[in-house]
Amino acid sequence: MSRSLFSLIAVLPLSLTLACTGKEDDTASDGEADADTDADTDADTDADTDADTDADYTSVAATAGADNAALSEVVGYFDYNIVGAGTVDGDNVSGTIDYVTTDTPVGGPATTLCDTDLGFQGSAYIGDCEDCAWAFDVGNSTVLAENGDAAACERVGTLSFENDAVLRGFVLAYWPELTVAGYYGDYTYSDILRSGFAVDYTAYGYGYYAGPYWVTISEAESEAAGTTYFTQDGNSFAWGFTYSQEQTVDTFFNYCDYVYGSYAVASYLTSDANQGAVDCTGETADTWTFSGTAGDNIAVTVDTIAADSASDLVFFVNGPDTCTVATADDSFDCTFPPVDYQCPSLAYTLEETGTYEVVVFSYGQCTGEEAGYTIDVGISG
């Protein structure tokens, strides 16, 4: 994937599943929209599930299960293929967009979701567009024909120039050369086409943010990789964008209802008999099971075991019905500190009787090639 596509991907309605590779930075860079779509994970203060953190815990048997198993599985792909063409006529622009998306399950045939012809037109944009060669306020495009499944077709406004519940007021702009600030430094691109937009949260009780916030929809340097292209011949220009997005399902995490977030600020470790190691990419996990009775106050602690295998560990707990009931991260200082962050622990009151599963993995920040850990499950009383 071309690095210039980073800001476009951020506003796709189909979220990319990036295996747990680290903590997320929700800070938007200057001029880019903050595309944080994470669900609110604020911890609940419900006393029914908040175990007594002053209790003494006795270790109980925890049985090793899956060893370095994948946290998610690819089940298919959404493929985007967008082709646009336009003509500049003085202070005006007009053109068309052919917008096609397909859904291809692993091992199955592709289904066309969108096959839409759109038309756009606009006049010269008079807002902020530093160093761009031209920019036009294209507003809201018009559907000329829908050849796919209209009910299943969900188009991305930054690619189709269509207003939705939040994004609106689109601007189409071209830069012969543009330097963009990125996570790893500045990148300079040539023949870059961008879509600008405003963000309207007034329907949700917030404000209207005129922007424009910019996302890249094509640039010449990506043509060799087959992801995007941009060409211009006199007053005519054309662009294309293709992207294949993995569809994944979580192997262990199973959201059914509210998931309790740990408030623990200490280790409850009483035994280091149960040890394991996972990779540092956040793509695999180990599982451990234990038996519990409804009303039991339990404590789960995961800690590092050596200076050369420390990492930013995290875990979640699944109940007897396989639903994820609790998570823990950054609770106390690890015995052997990782590059950054802390180790997880959890004090929790069980709501059901049966077998519980603890899923342990790493967010990275490793001091070595693997993420070693010890896990202890205790019950008070």
### Message
Here is a check on your reading of the model: is Asp296 more than 18 Å from Phe252 (Cα to Cα) and surrounded by 18 or more Cβ atoms within 10 Å (Cβ to Cβ)?
### Response
yes
Notebook entry, point to check: Within the bounds of segment 208-224, is there any residue that is in a loop (DSSP other than H, G, I, E, B), in contact with a Leu (Cβ under 8 Å, 6 or more places away or on another chain) and either surrounded by fewer than 22 Cβ atoms within 10 Å (Cβ to Cβ) or in contact (Cβ under 8 Å) with a residue 40 or more places away in the chain (or both)?
Noted result: no
Only one of Ala203, Ala173 is open to solvent by 50 Å² or more (accessible area, probe 1.4 Å), farther than 30 Å from Asn68 by Cα and either among the aliphatic types (A, V, I, L, M) or assigned to a helix (DSSP H, G or I) (or both), namely Ala203
Filtering segment 230-268 down to residues that are open to solvent by less than 50 Å² (accessible area, probe 1.4 Å), touching a helix residue (DSSP H, G or I) at 6+ places or on another chain (Cβ under 9 Å) and of a type outside the set (A, V, I, L, M, F, W, C) yields Gly240, Tyr243, Gln245
Restricted to segment 270-292 and to residues being part of a loop (DSSP other than H, G, I, E, B), open to solvent by 60 Å² or more (accessible area, probe 1.4 Å) and not β-branched (Val, Ile, Thr), the residue nearest to Cys343 (Cα to Cα) is Asp272
Of (1) closer than 30 Å to Leu346 by Cα; (2) open to solvent by less than 50 Å² (accessible area, probe 1.4 Å), Asp115 fails just (1)
Of (1) buried (at least 16 other Cβ atoms within 10 Å of the Cβ); (2) modelled with pLDDT under 95, Gly86 fails just (2)
By residue number, the members of segment 232-266 that are assigned to a strand (DSSP E or B), at pLDDT 90 or above and β-branched (Val, Ile, Thr) are Thr248, Val249
Filtering segment 353-381 down to residues that are in contact with an Asp or Glu (Cβ under 7 Å, 6 or more places away or on another chain), outside any strand (DSSP E or B) and either β-branched (Val, Ile, Thr) or open to solvent by 10 Å² or more (accessible area, probe 1.4 Å) (or both) yields Tyr363, Gln365, Thr367, Gly368
Are any of the residues in segment 146-156 among the hydrophobic types (A, V, I, L, M, F, W, C) and outside any loop (DSSP other than H, G, I, E, B)?
no
inquiry  = On the basis of being at pLDDT 90 or above and within 14 Å of Trp239 (Cβ to Cβ), does Leu167 make the cut?
reply    = no
Here the qualifying pairs (Cβ atoms under 7 Å; residues six or more apart or on different chains; first in segment 111-138 and closer than 15 Å to Tyr213 by Cα; second hydroxyl-bearing (Ser, Thr, Tyr) and crowded, with 19+ Cβ neighbours inside 10 Å) come out as Cys132/Tyr174; Ala135/Tyr125; Phe136/Tyr125; Asp137/Tyr125
When segment 186-200 is checked residue by residue, the ones that are out of contact with any Asp or Glu (no Cβ under 7 Å at 6 or more places or on another chain), of a type in the set (Phe, Trp, Tyr) and open to solvent by less than 40 Å² (accessible area, probe 1.4 Å) are Phe197
I'd like to know if segment 306-323 contains one or more residues that are assigned to a strand (DSSP E or B), open to solvent by less than 50 Å² (accessible area, probe 1.4 Å) and more than 21 Å from Cys256 (Cα to Cα). yes
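The values are calculated or read from the model by the stated rules, or taken from the named source; none is laboratory data. Fair warning: this is a prediction, and the values are worked out from it, not measured in the lab. Quick reminder, even Gly has a Cβ in these numbers, built from the backbone with ideal geometry, and neighbours come from all protein chains shown. Keep in mind that these areas ignore ligands, DNA and RNA; they rest on the heavy atoms of the full protein, side chains included. Shrake-Rupley method; radii C 1.70, N 1.55, O 1.52, S 1.80 Å.
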